[in-house]
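The values are calculated or read from the model by the stated rules, or taken from the named source; none is laboratory data. Note that the structure is predicted; figures quoted are calculated from it, not measured. Here the Cβ is made from the backbone with ideal geometry for all residues, glycine too, and neighbour counts use every protein chain on show. Surface accessibility is based on the protein's heavy atoms, side chains included, excluding ligands, DNA and RNA. Shrake-Rupley method; radii C 1.70, N 1.55, O 1.52, S 1.80 Å.
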Amino acid sequence: MRALTLPDLEPLQYGNLWLLNHGDLEEGSGKISTIVCGAARPSDLDEVTVAAQMYATKRSEMLEKVRNVANRLRATEIEVLGEDWVNSWYEGLPNSVTENDPYQFGQIVWMSNIIKAFGMLDFAKDRYGTFDSNLKKWDFDKPPKENIQKNIIGWGYMPGIAYEPGVDYSKYLGDVPEKNKAKVLEAIKFVHDLCSTSSKNSSIEIPEDWHTAYDMRPWTEFPMQKL
């Protein structure tokens, strides 16, 4: 990912600036006025601050950089995944938008895309961990709404339960175009095999550029004051 955002921007700068300029970059999209930044240590705010300064003081130069990165990312997606898939993978996928829908297959298939196109394996593992956790609390003898209300804290933030090998999920894909169904199921299994803590498939060869290259933080532990 960083190889694709450089030399214009660091990945976190690009993410923030793409969001802040969304209304100008995507036709028909609304403006985003606020970004919530999570930080585990002070240095996590460095790139966010740089992005804010660029947004406030170098607008034309900043927009050109954001467009350059967006074009490179799009071209890479198409090269790796194919243009037809890039333009249609999300069609008809359930996304836990109601309390009767236990699966967020849209996000899981998206994880497959960003792993293959951008090598974002660690990010996908972190996200998929919530699905694993939700599945452990799930009682299939009860309706989804009851499971969510009684057992799942934070469902609205990260809804969905993990894929289980051997289960037939075709009934959830009724609105998915026929041309995509096999690839959707393949993508869901691919993400489970790579990202789930319960995965038994240890034979998958992970390319070198999917591994974390190095830790770019000035320090790796938050300096805690001793009591």
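Points to keep in mind about this one:
- Among the residues making up segment 1-50, a single one is touching a residue at least 24 places away in the same chain (Cβ under 8 Å), open to solvent by 50 Å² or more (accessible area, probe 1.4 Å), under 16 Å from residue 74 (Cβ atoms) and not in a helix (DSSP H, G or I): 1.
Residue-wise test of (1) in a helix (DSSP H, G or I); (2) open to solvent by 30 Å² or more (accessible area, probe 1.4 Å); (3) in contact with a helix residue (DSSP H, G or I) (Cβ under 9 Å, 6 or more places away or on another chain).
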| site | (1), (2), (3) |
| --- | --- |
| 150 | yes, yes, no |
| 154 | no, yes, yes |
| 160 | no, no, yes |
| 180 | yes, no, yes |
| 185 | yes, yes, yes |
| 204 | no, yes, yes |
| 209 | yes, yes, yes |
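- Yes/no for residue 194 being out of contact with any Gly (no Cβ under 7 Å at 6 or more places or on another chain), open to solvent by less than 30 Å² (accessible area, probe 1.4 Å) and among the aliphatic types (A, V, I, L, M): yes
- Segment 187-202, subset touching a residue at least 60 places away in the same chain (Cβ under 8 Å) and assigned to a loop (DSSP other than H, G, I, E, B), residue farthest from residue 116 (Cα to Cα): 198
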